[in-house]
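Just so you know, all these numbers are worked out from the coordinates, no wet-lab data involved. Since we're looking at a predicted model, the values are computed, not measured. Note: ideal-geometry Cβ built from the backbone for every residue, glycine included; neighbour counts use all protein chains shown.
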Amino acid sequence: MSKLKSSLAITGEKGVDINKGMIGLFFEDINYGADGGLYAELLENPNFEFLDSRGDKDAYYQKFDGLYGWKAYPEGTAVLSITEESPISKTNPHYLTVTTNGEKQGFTNRAFDGVTLKKGVEYILTFYARGKAYQGNIEAQIKGQGKVYASALTTGGVQGEWTQYSLTLMSEEDVRNGEFIVCLTEAGKAEFDFFSLMPSDAVLGLFRADLVQFLKDITPGFLRFPGGCIVEGNELSNRYQWKESVGPRIHRRNNWNRWAVHENNQENDFTSIYSHYNQTLGLGYYEYFLLSEYLGAKAIPIQNVGLACQYQSTQKVASDSDEFNEFIQDALDLIEFANGDADTKWGNLRAEMGHKEPFNLEYLGIGNEQWETSEVDYFHRYECFEKEIHKYYPDIKLVSSAGPNVNTDTYNAAWKWVREKAEENSNFTAVIDEHYYMPPKWFLENDDFYDEYPRTVKVFAGEYAAHLGNGMNRPEVSTMEAALAEAAFMTGLERNGDVVSLAAYAPLFARINYTQWSPDLIWFDDQKAYGTPSYYVQKLYGNHMGNRTLKFEKGGDWEALYATVCYDDETGEHIIKLVNTGSEARETEVALQAVNSAKQEASAVILSAAALSDRNTIEEPDKVVPVSVVLPVDNGTVRLDLKPYSLTVIRL
Ligand code: AHR
């Protein structure tokens with residue numbers, strides 16, 4: 001059988017201007033992405049505030065479970081109880097009381113899958129303690145299989161007032177599933193609160209080093225946070241409130257996580273195995289701004305508009321109430337927190353937290369995945385926010401929502417509304433946020449989705465992923481098939497970069513065995529992480545964006561082949577992306593017509609797989625990863641065999 005042949009001739013004619021920072025990140029504390037994930041804290045329920053969440057739409061409830069994850073050590077010795085008589089923090093009032101009747105009795109922490117230590121790395125343990133007729137010391141250990149890997153001891157005895165202690169733990173060998181143990185050196189009674197065990201290699205003292213590197217490697221243009229549905233909450237009580245997430249960590253109100261009750265139903269007695277999924281807010285807005293800065297990404301925080309998740313609740317605050325005005329004030333205060341001088345109220349808090357310079361916030365999302373119904377006046381709410389925000393901050397670019405799905409009545413209504421408003425006020429919305437979780441076939445058939453879009457209002461493809469299947473803990477659905485469909489579709493995002501300004505795959509992280517939503521971009525356990533084929537598609541697009549597209553002519557056979565060409569004025573390079581979704585290799589010729597290239601070589605990166613079902617795993621993280629090659633250039637022409645099932649990026 002003769003090989004398929006195709007050619008692509010770059011005419012040199014400009015297409016459209018595009019946002020070089022179009023490819024960004026969607027971050028949400030779902031799948032233990034923050035606590036137990038990117039937040040490098042190793043202990044679980046470190047503040048003795050955890051809630052056990054149950055129930056279903058409009059009927060959620062919590063049981064306080066302050067001892068969750070903690071138990072006596074050795075078992076059956078120390079007596080543990082939770083008290084709130086004289087706390088350190090009124091917002092997190094519960095603390096642990098321990099009574100022992102002999103030496104070396106105390107308690108352990110579950111620490112997700114047990115403590116993981118890297119040999120030679122220091123782990124900083126901090127906690128508050130108060131002796132109750134106890135003046136002995138506190139010993140901390142990491143133990144496993146009867147062996148003590150690391151230990152440290154306070155000196156000078158425990159004070160009778162709340163005092164913070166700090167110890168350093170280090171092991172000479174790698175440890176997994178280690179037991180974190182805290183003991184009183186003598187019999188007695190002491191109280192404890194706000195534990196933290198943080199690896200000293202955590203980036204900025206906060207972020208798990210390997211996970212944050214995955215993000216940095218995408219060279220993302222933006223970071224959207226804190227979600228996602230988490231912005232809205234299952235009910236207003238557990239919506240994300242940015243003001244609760246800043247300032248000293250001990251005063252950040254522990255909150256139940258929206259994903260603790262995912263897929264609750266009659267069959268599971270309205271209880272998920274993740275019912276103890278809480279948000280300690282160790283990663284709060286300040287930390288998300290720091291992360292954005294570290295990644296070189298523009299921060300895009302999303303604000304609640306007085307609505308709980310429209311899927312999960314009917315709760316809302318009336319849009320003509322004082323309470324609603326507080327939601328608007330929250331948005332104004334957030335802008336001041338990010339951009340205000342250090343002599344403003346919220347700018348001062350930012351400065352006190354360690355960042356005197358502004359964060360230069362440009363974008364703000366108004367509502368997450370909202371849509372207009374007879375009961376929910378999202379359009380009106382957005383208009384109220386827009387009016388007030390632009391009164392004080394006309395340069396802030398606002399993100400509005402097109403609802404949960406494309407091509408629906410609610411999506412059409414949102415577009416109609418926003419386009420009409422934009423005619424009167426070009427500053428009305430900067431981008432409208434569209435979400436689509438669809439089968440791979442949809443992505444393959446819709447690379448032209450934006451070709452005919454009116455250009456008046458720009459798009460934020462804010463959450464998308466090709467779904468071969470979905471559900472809890474399903475790493476197997478993140479295959480090359482899904483990734484290729486996304487890569488093919490993304491040629492359309494780039495080609496239409498004059499209307500699609502921002503794009504992010506969702507969700508980002510998934511902790512193995514702690515995942516409510518699959519597919520996801522990056523999977524990890526306590527020790528390691530891997531990128532899915534979809535991750536490498538995002539990385540290749542993120543690393544290889546230009547600032548304008550170029551037109552090209554197609555020749556030969558283009559069945560199952562997708563392409564886009566852009567140019568980077570900064571580096572003076574043509575960037576060609578070719579997606580071969582077919583099972584056959586094809587001889588391809590890429591020619592720079594009308595462009596006199598004296599270059600002898602082009603660099604290329606190829607992501608390919610032997611089968612559509614190929615995927616990466618924690619055991620085999622590099623099965624589907626990009627490979628770099630150098631290709632000869634003959635008189636402005638590159639000839640290559642495009643691999644089956646591949647995304648190839650050529651720069652010349
Ligand atoms: O990405 C997972 C969820 O999908 C987001 O939280 C929400 O916005 C959407 O429904």
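Numbers for the structure displayed
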item	result
Cα-projected label distance for ASN265 with THR83, points at 7 Å along beta-carbon direction, nm	4.6 nm
Computed [θ] at 222 nm, deg cm²/dmol, the chain (DSSP H ≥ 4; -39,500 (n - 2.57); rounded to nearest 500)	-5500 deg cm²/dmol
Gain in span if fully extended, GLU13 to ARG419, counting 0.36 nm per residue against the direct Cα distance	143.2 nm
Dipole magnitude of segment 537-596, debye to nearest 20 (Cβ charges: Lys/Arg +1, Asp/Glu -1, about Cα centre)	200 debye
HN-Hα J in Hz across segment 602-617 - Karplus 6.51, -1.76, 1.60, θ = phi - 60°, x for Gly and Pro	10, 9, 9, 10, 10, 10, 9, 9, 6, 9, 4, 7, 4, 7, 9, 9
Among GLY354, HIS276, TYR437 - extreme Cα towards positive end, dipole of the chain, charges at beta-carbon	GLY354
With 10 Å bins from 0: P(r) over segment 42-172, alpha-carbon pairs, percent	11, 37, 36, 12, 4, 0
Cβ charges +1 (Lys, Arg) and -1 (Asp, Glu), total dipole of the chain, debye	980 debye
Cβ-based exposure ranking for THR637, THR168, in which fewest neighbours within 10 Å come first	THR168, THR637
Extension gain from GLU357 to LYS391, taking 0.36 nm per residue of separation minus the Cα-Cα distance	9.9 nm
Debye log10 I(q)/I(0) at q = 0.23, 0.27 Å⁻¹ for segment 330-410, Cα point scatterers	-1.02, -1.21
Segment 434-516: trypsin sites (Lys or Arg not before Pro) falling in loop per DSSP and having at most 11 other Cβ within 10 Å	ARG455
Cα-based equivalent ellipsoid, segment 454-575: semi-axes from gyration tensor eigenvalues, Å	30, 16, 15
Estimated FRET transfer efficiency (SER151, GLU619; beta-carbon r; R0 35 Å; 0.05)	0.60
Segment 247-333: GluC sites (Glu not before Pro) in DSSP loop, at most 12 other beta carbons within 10 Å	GLU267
Euclidean distance between Cα centres, segment 243-264 to segment 549-619, Å	44 Å
Net length gained if the chain between GLN527 and VAL630 were fully extended (0.36 nm per residue, minus Cα distance)	33.7 nm
Cα convex hull volume per residue for segment 366-454 (Å³)	106 Å³
D (Stokes-Einstein, µm²/s), Kirkwood Cα radius, segment 59-129, 1.567 mPa s at 4 °C	88 µm²/s
Surface/4 estimate of mean projected area, convex hull on alpha-carbon atoms of the chain, nm²	31.6 nm²
Peptides 430-437, 344-351, 30-37, 391-398 ordered by average Cβ neighbours within 10 Å, highest first	30-37, 430-437, 344-351, 391-398
Backbone HN-Hα couplings from phi across segment 524-532 [Karplus 6.51/-1.76/1.60, Hz, Gly and Pro as x]	8, 10, 5, 10, 10, 8, 9, x, 7
Stokes-Einstein translational diffusion, segment 245-364 - Kirkwood Rh over all Cα pairs, 1.567 mPa s, 4 °C, in µm²/s	78 µm²/s
Förster radius 25 Å - calculated FRET efficiency between ALA342 and LEU204, Cβ distance, rounded to 0.05	0.75
Spin-label model distance (nm) - GLU476 vs TYR311, 7 Å beyond Cα toward Cβ	2.3 nm
Anchor LYS441: aspartates and glutamates whose Cα lies under 13 Å away (excluding residues fewer than 8 positions away in-chain)	GLU481, GLU486
Peptide ranges 540-553, 222-235, 39-52 listed from the most packed, as the mean C-beta count within 10 angstrom indicates	222-235, 39-52, 540-553
Partners for LYS316 among lysines (Cα-Cα distance below 22 Å; same-chain residues under 8 apart left out)	LYS57, LYS243, LYS387
Peptide ranges 567-573, 88-94 listed from the most packed, as the mean C-beta count within 10 angstrom indicates	88-94, 567-573
Distant alpha-carbon pairs in segment 513-566 (separation over 14 angstrom), percent	70 percent
Overall dimensions of segment 209-302 by Cα: Rg and Dmax, Å	15.2, 46
Tail weight of P(r) past 12 Å, computed on alpha-carbon pairs of segment 590-641, percent	70 percent
Euclidean distance of C-alpha centroids, segment 43-93 and segment 327-394, integer Å	33 Å
Net +/- balance of residues flanking GLY492 in space, Cβ distance below 10 Å, scoring K and R +1, D and E -1	-3
Segment 63-130: relative contact order in percent, alpha carbon pairs under 8 Å with at least 6 residues between	33 percent
Whichever aspartates and glutamates have a C-alpha closer than 14 Å to that of LYS298, once near sequence neighbours (fewer than 8 apart) are set aside	GLU287, GLU362
Tail beyond 14 Å, pair distance distribution of segment 445-491 (Cα, percent)	60 percent
The chain - percent relative contact order, Cα under 8 Å, separation 6 or more	17 percent
Relative contact order [Cα under 8 Å, 6+ residues apart], segment 1-97, whole percent	18 percent
Radius of gyration, Dmax [segment 494-652; alpha carbons; angstrom]	17.1, 54
Ranked ASP447, ASP29, ASP343, criterion: other C-beta atoms within 10 Å, fewest first	ASP343, ASP447, ASP29
